[in-house]
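*Asks:* There's a structure below that I have some questions on.
The values are calculated or read from the model by the stated rules, or taken from the named source; none is laboratory data. Only a predicted model underlies this, so the values are computations on that prediction, with no experimental measurement involved. Counting neighbours? That spans all protein chains shown, and the Cβs are built from the backbone with ideal geometry, glycine included.
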Amino acid sequence: MGNKTWWKESVVYQIYPRSFKDTNGDGIGDLKGITEKLDYLKELGVDVIWLSPVYESPNDDNGYDISNYREIMKEFGTMEDWEELLHQMHERNMKLMMDLVVNHSSDEHEWFQQSRLSKDNPYRDYYIWCPGKDGKEPNNWESIFSGSAWQYDEQTDEYYLHLFSKKQPDLNWENPKVRREVYDLMTFWLEKGIDGFRMDVINMISKVPGLPDGEPQEGKKYAPGGQYYMNGPRMHEFLQEMNAQVLSKYDIMTVGEMPGVDPEQAQLYTGEDRNELNMVFQFEHMDLDSQPTGKWDLRPLRLIDLKETVTKWQKGLEDKGWNSLYLNNHDQPRMVSRFGDDGEYWLESAKMLGTFLHMMQGTPYIYQGEELGMTNVKFDSIEDYQDIETLNMYKERLEAGKDPSEIMHSIYVKGRDNARTPMQWDESEHAGFTTGKPWLKVNPNYKEINASKQVNDPTSIYNYYKKLIDLRKTHEIVVYGSYDLLLPDHPTIYAYTRTLGDEKLLVVSNFSKESSTFELPESITYRSKELLIGNYEVDENGEIEEFDLRPYEARVYKLKV
Ligand code: GLC
Ligand code: CA
């Protein structure tokens, strides 16, 4: 079952600072706001906070474009505020995981300012510059935020690579000086006492030499180049170097964000004898409701696919690595809207999804507001949206002649601003997030869905999450038990077991608004059973060989075998 460590036993809570809590009325969440709410998080039971970037940034991509890695973004506060936050967290026995965004920097970073000046500038090779090919971009790669991944720069008559926005030039990891800079800045924060890093798109730092063209797509000007920049040839070397030079010197937790990773690769990234990372964020379960052409091209999710993917990851890393568990974050739609029902069965389905996820093997991540069942949002006008990925896609598709209402539909279902609307604290104006004008509109449902309503309501999603987190603390099997899928072909029930010694957890979730009968496979025998948690009233003595699951019902039994 692998070694026992604190980061396997922890629950992580992700904060997107811009949208969490504003204390000075400028409409933007800030560090003081987080400090103010630490007791709320402590009460919930979270162990680790992952803070999305709080470094100096022109905010082209809300802090994921860093212009100074050692300074705090002015809008969020000062270094003193940050130190106070860390101090207050440690006082409460909570740990802090910082975001590390080093696949790219901001174009306003001093390194890039220097780099673009001349071809012989000492910082030139900090970034990836190439001359044009036949008067065009050096290759056909498409940016993840639409358009070409290359930007022409007149000053030196060359192009620079940007996998994301043109204000996010990719750093050149082939250059040992760049790697040294990164290790130094990591050490800077670790020496201040932080407890880990979440590493932004870290599996994109090694590009295939020569940067070959991607496979052209019909009717499209640019091609996806992922196979040449994800999980590239020097990935393990770079991570092992980073581990030797920095990570191994501290007792910390690391998670690498890795689009396009599969379980075999993840074994290598997270294997305990490999000295790379503790866990990765994989995306396979996030791609099941999209067409192969990308996230905006929708298709309905089939539960069978979710079972297959999740099981592949649960089994794939068993004893060989470690999973991170998530159903939403600042880049994804709200989970209750996506996998549950944000209407009639809002309460039940939010609890069901929490149960489904928290009983799996891996470290669970809660995204701010998830513990309240916050939902997706539908703003009437594109003007109300702020996210660069969304806005670029809208523009590109509009220019390509797509129907605006169809584009808006994709945004309602998949847009990142769904996750970024301000945290809903109470019923007062702007949900108690700010006394000013919020940088992004509040979800109009804040009067029904907010923290103040839920904290003292024993039947709330918040209190259900509290119980889920507590189960992890009080039952070793929740952390270390091995996973097995039941009923692989059932179209609406997701059932699995966890096994440790002579104990088993039986986790049964109905992913549908129709009732359905669960039948326990005969292979599962037991001497005694105990209901650990459920989102409906249940007769504790009722039999489990066969029972009806109500809409979005979830139950967890602990069996002695
Ligand atoms: C990651 C972040 C996302 C950001 C992108 C570029 O995917 O989670 O928010 O836009 O990297 O840094
Ligand atoms: Ca503020």
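*Asks:* Report, by residue number, each residue of segment 415-449 that is in contact with a Pro (Cβ under 6 Å, 6 or more places away or on another chain) and at negative phi.
*Replies:* Of everything in segment 415-449, those that are in contact with a Pro (Cβ under 6 Å, 6 or more places away or on another chain) and at negative phi turn out to be Asn418, Pro422, Phe433, Pro438, Val442.
*Asks:* Pull up segment 1-34, narrow it to residues that are part of a loop (DSSP other than H, G, I, E, B) and under 14 Å from Met97 (Cα atoms), then point me to the one that is farthest from ligand 2 (Cβ to nearest atom). Before the answer, list the steps.
*Replies:* Going residue by residue through segment 1-34, those that are part of a loop (DSSP other than H, G, I, E, B) are 1-11, 16, 20-30.
Add one more test, that the residue is under 14 Å from Met97 (Cα atoms), and what stays is 6-7, 10-11, 16.
Values: Trp6: 32, Trp7: 31, Ser10: 29, Val11: 27, Tyr16: 14 Å.
By that ranking, first place goes to Trp6.
*Asks:* Separate question: What number of residues within segment 17-52 are closer than 22 Å to Glu108 by Cα, within 16 Å of ligand 1 (Cβ to nearest atom) and touching a residue at least 60 places away in the same chain (Cβ under 8 Å)?
*Replies:* Of the residues in that region, 2 qualify.
*Asks:* Which residues, counting only those in segment 80-115, are within 16 Å of ligand 2 (Cβ to nearest atom) and touching a strand residue (DSSP E or B) at 6+ places or on another chain (Cβ under 8 Å)? Steps first, answer last, please.
*Replies:* Narrowing segment 80-115 to residues within 16 Å of ligand 2 (Cβ to nearest atom): 80-82, 84-85.
Listed by number, the residues that qualify are Asp81, Trp82, Leu85.
*Asks:* Take the residues of segment 3-33 that are more than 19 Å from the chain's Cα centre (by Cα) and among the aliphatic types (A, V, I, L, M): which is surrounded by the fewest Cβ atoms within 10 Å (Cβ to Cβ)?
*Replies:* Ile28
*Asks:* Restricting to segment 503-531, name every residue that is of a type in the set (A, V, I, L, M), farther than 27 Å from Lys466 by Cα and touching a Ser or Thr at 6+ places or on another chain (Cβ under 8 Å).
*Replies:* Let us first name the residues in segment 503-531 that are of a type in the set (A, V, I, L, M), namely 505-508, 520, 524, 531.
The next check asks that each one be farther than 27 Å from Lys466 by Cα; those that pass are 520, 524.
Ile524 - this is the single residue of segment 503-531 that is of a type in the set (A, V, I, L, M), farther than 27 Å from Lys466 by Cα and touching a Ser or Thr at 6+ places or on another chain (Cβ under 8 Å).
*Asks:* Give me the residue from segment 38-52 that is surrounded by 19 or more Cβ atoms within 10 Å (Cβ to Cβ) and either within 16 Å of ligand 2 (Cβ to nearest atom) or of a type in the set (Lys, Arg) (or both) and, out of that set, farthest from Lys192 (Cα to Cα).
*Replies:* Ranking the qualifying residues of segment 38-52, first place goes to Ser52.
*Asks:* Restricting attention to segment 295-322, which residues are outside any helix (DSSP H, G or I) and either free of Cβ contacts under 8 Å to residues at least 40 places away in the same chain or more than 26 Å from Gly63 (Cα to Cα) (or both)?
*Replies:* Filtering segment 295-322 for residues outside any helix (DSSP H, G or I) gives 295-302, 317-322.
Across segment 295-322, the qualifying residues are Asp297, Leu298, Arg299, Pro300, Leu301, Arg302, Leu317, Glu318, Asp319, Lys320, Gly321, Trp322.
*Asks:* Sticking with this one: If you go through segment 53-79, how many residues are more than 16 Å from ligand 2 (Cβ to nearest atom), touching a Leu at 6+ places or on another chain (Cβ under 8 Å) and closer than 24 Å to Val12 by Cβ?
*Replies:* The total comes to 1.
*Asks:* Could I ask something else about it? Let me confirm something: among Glu448, Glu406, which residue is away from ligand 2 (no atom under 16 Å from the Cβ) and either hydroxyl-bearing (Ser, Thr, Tyr) or more than 24 Å from Glu344 (Cβ to Cβ) (or both)? Talk me through it step by step, then tell me what you get.
*Replies:* Details: Glu448 fails: either hydroxyl-bearing (Ser, Thr, Tyr) or more than 24 Å from Glu344 (Cβ to Cβ) (or both).
One residue alone meets the criteria, Glu406.
*Asks:* So which pairs qualify, if the first residue must be in segment 116-145 and free of Cβ contacts under 8 Å to residues at least 24 places away in the same chain, the second must be loosely packed, with under 13 Cβ neighbours inside 10 Å, the Cβ gap must be under 8 Å, and the two must be at least 6 apart or on different chains?
*Replies:* Pairs that qualify, where the first residue is free of Cβ contacts under 8 Å to residues at least 24 places away in the same chain and the partner is loosely packed, with under 13 Cβ neighbours inside 10 Å, are Arg124/Ser118.
*Asks:* Could you give every pair whose Cβ atoms fall below 8 Å, whose first residue belongs to segment 532-543 and is closer than 17 Å to Leu468 by Cα and polar (S, T, N, Q), and whose second residue is modelled with pLDDT of 95 or more and in a loop (DSSP other than H, G, I, E, B), counting only separations of at least 6 or pairs across chains?
*Replies:* Asn535/Tyr552; Asn535/Glu553
*Asks:* Does Phe433 count as crowded, with 23+ Cβ neighbours inside 10 Å and within 30 Å of Val479 (Cβ to Cβ)?
*Replies:* Details: crowded, with 23+ Cβ neighbours inside 10 Å: yes; within 30 Å of Val479 (Cβ to Cβ): no.
The answer is no for Phe433.
*Asks:* Moving to a separate point now. Out of segment 323-345, which residues are over 22 Å from Tyr13 (Cα atoms), touching a residue at least 60 places away in the same chain (Cβ under 8 Å) and of a type outside the set (Phe, Trp, Tyr)?
*Replies:* Looking only at segment 323-345, we keep the residues that are over 22 Å from Tyr13 (Cα atoms), and these are 341, 343-345.
Filter again for touching a residue at least 60 places away in the same chain (Cβ under 8 Å), leaving 341, 344-345.
Asp341, Glu344, listed by residue number.
*Asks:* Among the residues that make up segment 529-541, is at least one of them in a loop (DSSP other than H, G, I, E, B) and basic (Lys, Arg)?
*Replies:* In the first step, residues of segment 529-541 are kept if they are in a loop (DSSP other than H, G, I, E, B); the result is 535-541.
Restricting the remaining residues to those that are basic (Lys, Arg) gives none.
There is no residue in segment 529-541 that is in a loop (DSSP other than H, G, I, E, B) and basic (Lys, Arg).
*Asks:* Mind listing just one residue for me: the one in segment 218-262 that is aliphatic (A, V, I, L, M) and over 28 Å from Pro292 (Cβ atoms) and, of those, farthest from ligand 1 (Cβ to nearest atom)? Outline the logic, then answer.
*Replies:* The initial filter retains those residues of segment 218-262 that are aliphatic (A, V, I, L, M), namely 223, 230, 235, 239, 242, 244, 246-247, 252-253, 255, 258, 261.
Those left that are additionally over 28 Å from Pro292 (Cβ atoms): 239, 242, 244, 246-247, 252-253.
Details: Leu239: 17, Met242: 18, Ala244: 25, Val246: 20, Leu247: 20, Ile252: 20, Met253: 17 Å.
Among those that are aliphatic (A, V, I, L, M) and over 28 Å from Pro292 (Cβ atoms), it is Ala244.
*Asks:* Can you find even one residue in segment 415-438 that is assigned to a helix (DSSP H, G or I), in contact (Cβ under 8 Å) with a residue 40 or more places away in the chain, hydroxyl-bearing (Ser, Thr, Tyr) and more than 16 Å from ligand 1 (Cβ to nearest atom)? Step through it out loud before you land on a result.
*Replies:* Of all residues in segment 415-438, those assigned to a helix (DSSP H, G or I) come to 417-420, 429-432.
Checking which are in contact (Cβ under 8 Å) with a residue 40 or more places away in the chain leaves us with 417-420.
Among the residues that remain, those that are also hydroxyl-bearing (Ser, Thr, Tyr) are: none.
No, segment 415-438 has no match at all.
*Asks:* Same structure again: When you scan segment 70-77, do you find a residue that is surrounded by 19 or more Cβ atoms within 10 Å (Cβ to Cβ), in contact (Cβ under 8 Å) with a residue 40 or more places away in the chain and within 15 Å of ligand 1 (Cβ to nearest atom), even just one?
*Replies:* no
*Asks:* While we're here: Val182: under 22 Å from Gln14 (Cα atoms), within 16 Å of ligand 1 (Cβ to nearest atom) and either buried (at least 20 other Cβ atoms within 10 Å of the Cβ) or modelled with pLDDT of 95 or more (or both), yes or no? Before you say what the answer is, go through the steps one by one.
*Replies:* Working: under 22 Å from Gln14 (Cα atoms): no; within 16 Å of ligand 1 (Cβ to nearest atom): yes; either buried (at least 20 other Cβ atoms within 10 Å of the Cβ) or modelled with pLDDT of 95 or more (or both): yes.
So Val182 fails the test.
*Asks:* Just checking, does segment 79-93 include any residue being within 16 Å of ligand 1 (Cβ to nearest atom), modelled with pLDDT of 95 or more and either surrounded by fewer than 22 Cβ atoms within 10 Å (Cβ to Cβ) or of a type outside the set (Val, Ile, Thr) (or both)? Let's see the steps before the verdict.
*Replies:* So the first thing to find is which residues in segment 79-93 are within 16 Å of ligand 1 (Cβ to nearest atom), and the list is none.
No, every residue in segment 79-93 fails to be within 16 Å of ligand 1 (Cβ to nearest atom), modelled with pLDDT of 95 or more and either surrounded by fewer than 22 Cβ atoms within 10 Å (Cβ to Cβ) or of a type outside the set (Val, Ile, Thr) (or both).
*Asks:* Between a first residue in segment 385-408 that is of a type in the set (D, E, K, R) and a second residue that is buried (at least 17 other Cβ atoms within 10 Å of the Cβ) and assigned to a helix (DSSP H, G or I), which pairs have beta carbons less than 8 Å apart while being 6 or more apart in sequence or on different chains?
*Replies:* Close Cβ pairs (under 8 Å, with a partner that is buried (at least 17 other Cβ atoms within 10 Å of the Cβ) and assigned to a helix (DSSP H, G or I)) amount to Asp387/Asp417; Asp387/Arg420; Arg397/Ile407.
*Asks:* If you don't mind, there's one more thing I want to ask. Which of the following residues is surrounded by fewer than 16 Cβ atoms within 10 Å (Cβ to Cβ) and in contact with an Asp or Glu (Cβ under 7 Å, 6 or more places away or on another chain): Ser523, Ser528, Ser452? Spell out how you get there, then give the answer.
*Replies:* Details: Ser523 fails: in contact with an Asp or Glu (Cβ under 7 Å, 6 or more places away or on another chain); Ser528 fails: in contact with an Asp or Glu (Cβ under 7 Å, 6 or more places away or on another chain).
Selected residue: Ser452, the only one of Ser523, Ser528, Ser452 that is surrounded by fewer than 16 Cβ atoms within 10 Å (Cβ to Cβ) and in contact with an Asp or Glu (Cβ under 7 Å, 6 or more places away or on another chain).
*Asks:* Among the residues in segment 102-109, are any farther than 22 Å from Asp153 by Cα and either within 16 Å of ligand 1 (Cβ to nearest atom) or of a type in the set (Ser, Thr, Tyr) (or both)?
*Replies:* Initial filter on segment 102-109 (farther than 22 Å from Asp153 by Cα): none.
Scanning segment 102-109, I find no residue that is farther than 22 Å from Asp153 by Cα and either within 16 Å of ligand 1 (Cβ to nearest atom) or of a type in the set (Ser, Thr, Tyr) (or both), so the answer is no.
*Asks:* Show me the helices (runs of 4 or more DSSP H) found entirely inside segment 450-494 where at least 2 residues are β-branched (Val, Ile, Thr) and within 18 Å of Glu530 (Cβ to Cβ). Spell out how you get there, then give the answer.
*Replies:* On the way: elements: 451-455, 461-474, 476-480.
The qualifying helices (runs of 4 or more DSSP H) are 476-480.
*Asks:* Follow-up. Filter segment 54-67 for residues that are within 19 Å of Gly196 (Cα to Cα) and without any contact (Cβ under 8 Å) to a residue 60 or more places away in the chain; which is surrounded by the most Cβ atoms within 10 Å (Cβ to Cβ)? Steps first, answer last, please.
*Replies:* The first filter runs over segment 54-67 and keeps only residues within 19 Å of Gly196 (Cα to Cα), leaving 54-55, 63-64, 66.
Now narrow it down to the ones that are without any contact (Cβ under 8 Å) to a residue 60 or more places away in the chain: 54-55, 63, 66.
Working: Val54: 25, Tyr55: 25, Gly63: 24, Ile66: 28.
Only one residue fits best here, namely Ile66.
*Asks:* Also: Being under 16 Å from the mean Cα position of the chain (by Cα) and surrounded by 19 or more Cβ atoms within 10 Å (Cβ to Cβ) is true for just one of Met335, Met393. Which residue is that? Give the derivation first.
*Replies:* On the way: Met393 fails: under 16 Å from the mean Cα position of the chain (by Cα).
Result: Met335 is the single residue among Met335, Met393 that is under 16 Å from the mean Cα position of the chain (by Cα) and surrounded by 19 or more Cβ atoms within 10 Å (Cβ to Cβ).
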